[in-house]
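Each remark here refers to the structure printed beneath this line.
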Amino acid sequence: MYKLRATILKDIRLLLRDKVGVLFMFIMPVILAIVITAIQNSTFEMVNDNKVPLLISNKDTGVSGAALVKAIEKVGMFEIRQVNKDLPDKQLIERMHNKDALVALVIPVEFSAKMKAKANSIANKALNNFGAPVDTTKTIVSVAKAEPITMYYHPVLQESFRQSINGALRSSLQIVESKQVLQTLYFSLNETNLPDSLEKDIINTDVAINQVPVSRDGAHTIPNATQHNIPAWTIFAMFFVVISLGSSIVKEKLNGSFIRLKTMPTNYFVALLSKQITYLFVTLLQAAVIFAIGAFLFPKMGLPALNLPHDMAGLFIVSLICGWCAVSFAMLVGVFAQTHEQCNGIGAVSVILMAAIGGLLVPSFAMPASFKLAMNISPLHWALEAYYGLFLEGGKLKDVLINILPLFAITVVLQLLAILGLKRKNLV
Amino acid sequence: MGNAAIRIQNLGYSYPGQLRNCFTDLNLEINEGARFGLFGPNGAGKTTLMHCMTGLIRYTTGSIQLLGNEVATFRKSVNKLFAFVPQDFSLYHELSPVENLEFFGAWSGMTTPAIRKRTQELLEVLDLASLRNKPVQTFSGGMKRKVNLAIAVMNNPRILFLDEPTVGVDIQTRHVIINYLKELNRNGTTLVYTSHQLNEAEELCDTIAMIASGSIIAHNSLNNLLTEHKEDGLEGLFLRLTGKSYIDVDVI
């Protein structure tokens, strides 16, 4: 016990004197968590609170074009900037290059006429089905032949964001189309225009969509960027001890300390145990610091606060196993790496890869099937699932056992591989 | 002849994956209390033999006994009998001499009061007291050599293996180190020393062995060997026994 205590003291001293390593282990993940959360939060706010600048060139002179612009305005997502209808598309594109807007919409010349023709066609078909007399003088225009609305978008717009803009525009178009069909039908039946109040009653829907996050504790706390990011970057930080711990093992091997330690009447396992205890404490400290920053500092920075799980014992156990897994991984890299360059390179790249396939960088549900299989071997995946179970779903330890058991199994395998490596290299 | 501190019998060893044997049937006996020097050209097998004696390498055949204990069988008890000063600095450069001695003292099985007492003694004897709390990485090569030696002798080993203990040090530091080694020997520690500094070896060693291509080609007291080969110094003896042309057998 005395030898272990002396070794832990030595490891703590070495750790504290490696200021860059400490900086890397604590400051970097904190900066990462703040930056990523702030960016994701501002994206969230941009979509929900701010408006997207939208240039509209309405070349149509009829009512449908104007109605479409009005419907888009009602969506509330866009800041509409109408441009002269005679402005050539080339100049419109030029304005987008100047970042006047990220999206531009060109409503074609005959939009109203074609919309009306389409409505007449649908109304006729409907009346025909009802058995009502059909006005055969009205032309039936194929919908497929209608000139499309053109949406120009700046290439910086990401696919998901573009799709949500597209969805908003499509719903506006749907309103205009439905209104036109309704008016035509009403006129055909009653020979009078559809009253505004009735139109509103028919078009507007009162059915709201209540978005309720599922939770085990019934708290229904709405998840935010902090709640998603803090657990992910905490795991990332824990696994990045590979740089410090791995290097410390490589350094011992290279500077000959291993040789001296091997000729001393103490088993090298004491040194390994000491390193594990020291760095396990470091990983737990990392988690505590990052969680505290999320819970207390983030709100002061205008970011959403981290809601800590109710099951704090569960949080401690998940962090403990995650930390031990990170330490075991670092030890394995340190044992097999021959140089500092190998250790840092292999360590950093493998953590990033495991984070990617583990769902830290891209949500696991969005991954292709082949990657979902690979995901199961990433300890970061199981750690993230366990944290999400506690932080997002309001679960308890028993609810995340299914995640921490594989994590524990991976840890045991990493430990065995490290010991095997030490034995092969005649170090223990 | 006194009791054997080290007895090597029919030692055989070859590096993994190599057909050529490093040692074949090597025999050597070093008396307790000796100041023994092992010399030979580069690649002759000095360091490998020292690694076999300290258990760092597991020999293939034969036997090595330290004070009657077989190295391969009684690893833990044997490790209590000796200490090793490797050629490389085997210490923690970020720690101070005191912190290094505290740690390695604990690993030698010493108690806290014993560590404190011995640390104080060694810092005084090796002239390190004024640097006791400074990180070793700020030291000169000579100072680092002294700390490297101090760590090894913390628990007063009965046998001390020294692989080039004075490489790159100035004359004053060498003087301090050699004098201290002699003092240790007077107190009963057997020294097993290897170096290319033949003048220094001549001053320190009373018994020597010459090794070439994995075989002991001469082993006797220094004086006897000098008389036998009609040489007045170790350098001349070395050249006579190992040849004047450059030899560097790799790997051994």
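The values are calculated or read from the model by the stated rules, or taken from the named source; none is laboratory data. Remember, predicted model here, so these are calculated numbers, not experimental data. Cβ: placed from backbone, ideal geometry, glycine included. Neighbour counts: every protein chain shown. All accessible areas refer to the heavy atoms of the entire protein, side chains included, with ligands and DNA or RNA removed. Shrake-Rupley method; radii C 1.70, N 1.55, O 1.52, S 1.80 Å.
Those residues that are assigned to a helix (DSSP H, G or I) and more than 21 Å from A:V241 (Cα to Cα), I need them from segment A:337-374; list them, please. Talk me through it step by step, then tell me what you get.
If we filter segment A:337-374 for residues that are assigned to a helix (DSSP H, G or I), which is where we start, we get A:340-357, A:364-366, A:369-374.
Once the filter is applied, which keeps residues that are assigned to a helix (DSSP H, G or I) and more than 21 Å from A:V241 (Cα to Cα), segment A:337-374 yields A:S364, A:F365, A:A366, A:A369, A:S370, A:F371, A:K372, A:L373, A:A374.
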I need a count of the residues in segment B:178-194 that are surrounded by 21 or more Cβ atoms within 10 Å (Cβ to Cβ) and part of a loop (DSSP other than H, G, I, E, B). 1
Scanning segment B:76-97 residue by residue, those more than 7 Å from chain A (Cβ to nearest Cβ), touching a Leu at 6+ places or on another chain (Cβ under 8 Å) and open to solvent by 20 Å² or more (accessible area, probe 1.4 Å) turn out to be B:L81
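In this structure, does B:L67 turn out to be more than 9 Å from every other protein chain (Cβ to nearest Cβ), among the aliphatic types (A, V, I, L, M) and in contact with a helix residue (DSSP H, G or I) (Cβ under 9 Å, 6 or more places away or on another chain)?
yes
For segment A:322-336, indicate whether the set of residues that are in contact (Cβ under 8 Å) with a residue 60 or more places away in the chain, surrounded by 15 or more Cβ atoms within 10 Å (Cβ to Cβ) and within 14 Å of another protein chain (Cβ to nearest Cβ) is non-empty.
Within segment A:322-336, none of the residues are in contact (Cβ under 8 Å) with a residue 60 or more places away in the chain, surrounded by 15 or more Cβ atoms within 10 Å (Cβ to Cβ) and within 14 Å of another protein chain (Cβ to nearest Cβ).
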Segment A:410-427: number of residues that are surrounded by 17 or more Cβ atoms within 10 Å (Cβ to Cβ) and within 14 Å of chain B (Cβ to nearest Cβ): 1
Any chance B:A44 is closer than 16 Å to B:N185 by Cβ and of a type in the set (A, V, I, L, M, F, W, C): no
Which residue is surrounded by the most Cβ atoms within 10 Å (Cβ to Cβ), if the candidates are limited to segment A:160-208 and must be over 28 Å from A:N128 (Cβ atoms) and among the β-branched types (V, I, T)? A:I165
Flagged in segment B:53-64 as hydroxyl-bearing (S, T, Y) and within 13 Å of chain A (Cβ to nearest Cβ), in numbering order, are B:T54, B:Y59
Have a look at A:L68, A:L55, A:L16 and point out the one that is surrounded by fewer than 18 Cβ atoms within 10 Å (Cβ to Cβ), modelled with pLDDT of 85 or more and over 28 Å from the mean Cα position of the chain (by Cα). A:L16
Considering only segment A:236-278, how many residues are more than 14 Å from chain B (Cβ to nearest Cβ) and free of Cβ contacts under 8 Å to residues at least 60 places away in the same chain? 1
Matching residues in segment B:152-166 - criterion: being within 13 Å of chain A (Cβ to nearest Cβ), over 25 Å from B:P113 (Cβ atoms) and part of a loop (DSSP other than H, G, I, E, B): B:E164
Any idea how many residues of segment B:7-52 are touching a residue at least 60 places away in the same chain (Cβ under 8 Å) and closer than 14 Å to B:I208 by Cβ? 13
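For A:A355, indicate whether it is surrounded by 17 or more Cβ atoms within 10 Å (Cβ to Cβ) and either under 24 Å from A:I36 (Cα atoms) or outside the structural domain of A:T234 (by TED's automatic domain parsing) (or both).
Answer is yes for this residue.
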Residue under evaluation A:G76, criteria (1) away from chain B (no Cβ under 14 Å); (2) surrounded by 13 or more Cβ atoms within 10 Å (Cβ to Cβ); (3) in contact with a Lys or Arg (Cβ under 9 Å, 6 or more places away or on another chain), criterion not met: (2)
Can you name the number of the only condition in (1) facing chain A (nearest Cβ under 8 Å); (2) closer than 19 Å to B:V169 by Cα; (3) of a type outside the set (D, E) that B:V147 fails? (1)
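Can A:T283 be described as more than 21 Å from B:F84 (Cβ to Cβ) and either surrounded by fewer than 21 Cβ atoms within 10 Å (Cβ to Cβ) or within 14 Å of another protein chain (Cβ to nearest Cβ) (or both)?
In short, no.
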Within 12 Å of chain A (Cβ to nearest Cβ) and at pLDDT below 90: which single residue out of B:G141, B:G109 fits that description? B:G109
With respect to the numbered conditions (1) within 14 Å of another protein chain (Cβ to nearest Cβ); (2) open to solvent by less than 10 Å² (accessible area, probe 1.4 Å); (3) under 23 Å from B:R145 (Cα atoms), which one is the sole condition not fulfilled by B:L38? (1)
Suppose we filter segment A:387-409 for residues that are surrounded by fewer than 21 Cβ atoms within 10 Å (Cβ to Cβ) and either small (G, A, S) or in a helix (DSSP H, G or I) (or both); how many remain? 10
Sort out which residues of segment B:223-232 are within 23 Å of the chain's Cα centre (by Cα) and surrounded by fewer than 18 Cβ atoms within 10 Å (Cβ to Cβ), and write them in order of number. B:N223, B:N224
